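The values are calculated or read from the model by the stated rules, or taken from the named source; none is laboratory data. The structure presented is a predicted model; accordingly, all values stated were derived computationally and were not measured. So basically every Cβ, Gly included, is an ideal-geometry build from the backbone, and we count neighbours across all protein chains shown. Surface accessibility is based on the protein's heavy atoms, side chains included, excluding ligands, DNA and RNA. Shrake-Rupley method; radii C 1.70, N 1.55, O 1.52, S 1.80 Å.
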Amino acid sequence: MQEDFKSLKPEQLEALKTLLSGIPADSPEYADWFDGKKIDEIALCEYMLRKKERKCIHGKFYDLDGEIEDDTVRKEILEEISPYQKSNVAKMVDRILNTLKLICQCEAPPVREDRVHFRNGTYHLDGSFTEIKEWSMNRLPVRYNPNAPVPERWLAFLDDLLDKEDIPVLQEFMGYAMIPSNRGQKMLLMIGKGGEGKSRIGRVLRAILGDNMNTGSIQKLENDRFNRADQEGKLLFMDDDMRTEALPSTNNIKSIVTMEDKIDLERKGEQSVQGYLYVRIICFGNGSLKSLHDQSYGFYRRQILLMTKDRTADRKDDRYLGDKLIREAEGIVLWCLEGLQRLVKNGFEFSISDQAKQNLADLMENENNIISFLNSSGYVRREKETYASSRQLYIAYRKWCDDNLEKPRAENTFKKYLNENARSLGLTYDKNLPSENGKTVRGFRGIHVLINTKQYRFF
């Protein structure tokens, strides 16, 4: 047999190899990017992009239908090269994948807050809809259907879960999460005792937002320096089971909620870059979001705090409720768009109920006993034309803590809180207040101490 092969001419041997490999000699693919011995990677990538137009943005593939996983592209590459590449296939697939990313790499499309990109077209906030698709990093997997039926089961579920006055703000926030914008400058927290069904909202949001939503721990979002980069190009970050442990810092969360400019984004093994984030945050839990050191108004003003209704003792759970709600997704989308339209009309001011505002005020007071002290009677009184030194105020505060079995905060923390919140408290910081010995001291105008601070020794 070997002698028979030796008698063949070179071109005959090449034709025989082609025949045995199963590659048609007249295959156009063969002519385009395979010379019979090796694959022309650039030519193959250009061929694949002619078949399916794609873009690579921030290291991820997109087409007109949205983000594409790398593994999906790897499989397509494997199907193309498998008749030709018989060894080191995995390495070749990854090489071509990286080459493909370089060839179709481009800038992110402009961020447009006035439209929502649905699976079947583009909805503009003026109420118009077109089936023309634009390039977007945030295409939703759900269809826009103006004739979708009213989501009766969803509305009944919310009526059981929340007070009637709190439903509009949830409606607005879910609509707000459908556009790439941080103008609302709020995060939404929903707190309950457990078992009310809060997580069903998360399932509905996943059905509407798809891969435009990340889930995880808000503690990790704050503390892990690489986690912010994972939120680039995402519409929503959801913590479905918020832990009650206090955050050691709040800088990342506060900056994400009110993001208006570029921020430093760091990925493992890569040089950090400046990028935009427009991800919103929603958390469900059995306790409020706490901070070890930040009790500032800036931390709390970024929160919308909703409390769920108590679960009734005779309630029977429907294990398939989540699936039933998802089947109403197209109708829920119209409900969300109604809330988004209202939010935009109101200048991105949420319809926060009086009860929700009181929830936040109570939280601030519970987490910061300085507020409770200032609101108490018998220790201090806020009045114009009065003043008190910082030392007098701190002694009165320590006395209040002693009387109420509260742990006092440090002197610097107490003074810092008064300085940062003086305007909202109706106080004015003054470095030159008169004292009894004729010297000047630091303190605040607009408040005075009602107890005799000389008889207490806390230092």
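Annotations
- Placing unit charges on the Cβ atoms only, positive for Lys and Arg and negative for Asp and Glu, gives the stretch 326-394 a dipole magnitude near 300 debye about its Cα centre.
- Compared with the dominant Cα axis of the chain, that is its longest principal axis, helix 411-420 is turned about 80°.
- Amide H partners (placed H, <5 Å) of Tyr387, local residues excluded: Gly446, Ile447
- At an R0 of 45 angstrom, the distance between the Cβ atoms of Arg311 and Asp70 translates into a FRET efficiency of 0.55.
- A dipole drawn for the chain from +1 and -1 charges on Cβ atoms has a positive end, and of Gly438, Ala410, Pro149 the residue lying farthest that way is Gly438.
- Cα centroids of the stretch 366-429 and the stretch 270-311: 26 Å apart.
- Taking θ as phi - 60° and the Karplus parameters 6.51, -1.76 and 1.60, the scalar couplings of the stretch 95-112 work out to 4, 5, 4, 5, 5, 4, 4, 5, 5, 9, 5, 7, 6, 5, x, x, 7, 10 Hz in sequence order, x denoting glycine and proline.
- The phi torsions of the stretch 303-313, fed into the Karplus equation with coefficients 6.51, -1.76 and 1.60 and a -60° offset, translate into couplings of 10, 10, 10, 10, 10, 7, 6, 5, 6, 6, 5 Hz, rounded to whole numbers, with Gly and Pro shown as x.
- Share, in percent, of DSSP beta bridges within the stretch 18-166 that are antiparallel, nearest 5: 95
- The stretch between Lys384 and Phe129, if pulled fully straight at 0.36 nm per residue, gains 86.1 nm over its current Cα-Cα span.
- Residues Asn346 and Tyr47, FRET efficiency given R0 of 45 Å [Cβ-Cβ distance, rounded to 0.05]: 0.30
- Whole-number percent relative contact order across the chain, with pairs defined as alpha carbons under 8 Å at least 6 apart: 13
- Take every Cα pair under 8 Å whose residues are at least 6 apart in sequence, average their separation, divide by the length of the stretch 270-384, and the relative contact order is 36 percent.
- Per-residue ellipticity at 222 nm, computed for the chain from helices alone with -39500 (n - 2.57) per DSSP H run of at least four residues, works out to -11500 deg cm²/dmol.
- Projecting the Cα atoms of Cys104, Gly210, Gln392 onto the dipole axis of the chain, where Lys and Arg carry +1 and Asp and Glu carry -1 at the beta carbon, places Gln392 farthest toward the positive end.
- Mean accessible surface per residue for the chain, computed with a 1.4 Å probe while every protein chain stays in place, in Å²: 54
- J(HN,Hα) series, the stretch 430-436, from Karplus relation 6.51 cos²θ - 1.76 cosθ + 1.60, nearest Hz, glycine and proline x: 9, 7, 10, 7, x, 10, 5
- Here the stretch 286-419 is treated with +1 on each Lys and Arg Cβ and -1 on each Asp and Glu Cβ, and its dipole about the Cα centre works out to around 380 debye.
- Sparsely packed trypsin sites (Lys or Arg not before Pro) within the stretch 359-425, loop by DSSP, other Cβ within 10 Å at most 13: Lys384
- Cα gyration tensor shape of the stretch 163-222, rounded if a/c is under 1.5, else prolate or oblate by comparing a/b with b/c: rounded
- Close Lys pairs in the stretch 266-377 (alpha-carbon distance under 25 Å; sequence gap of 8 or more, or different chains): 6.
- Put a plus charge on the Cβ of each Lys and Arg, a minus charge on the Cβ of each Asp and Glu, and nothing anywhere else: the dipole of the chain about its Cα centre is then about 2080 debye.
- FRET efficiency, 1/(1 + (r/R0)^6) with R0 25 Å, evaluated for Glu260 and Asp240 via beta carbons: 0.35
- Over the stretch 205-249, relative contact order from alpha-carbon pairs under 8 Å, at least 6 apart, %: 47
- Neighbourhood charge, 9 Å Cβ-Cβ cut-off, centred on Arg302 and excluding it, Lys, Arg +1 and Asp, Glu -1: +3
- Euclidean distance between Cα centres, the stretch 164-197 to the stretch 28-96, Å: 42
- In the assembled protein chains, Glu67 presents an accessible area of approximately 60 Å² (probe radius 1.4 Å).
- Report note on the peptides 151-162, 346-357: ranked by the mean count of other C-beta atoms within 10 Å, highest first, their order is 151-162, 346-357.
- Shape of the stretch 120-265, Cα gyration tensor, a/c cut at 1.5: oblate
- Taking Cβ atoms as reference points and 10 Å as the exclusive limit, the residues near Asn369 contribute a net charge of -1, counting Lys and Arg as +1 and Asp and Glu as -1.
- Cα shape, the stretch 383-459, gyration tensor, a/c 1.5 rule: oblate
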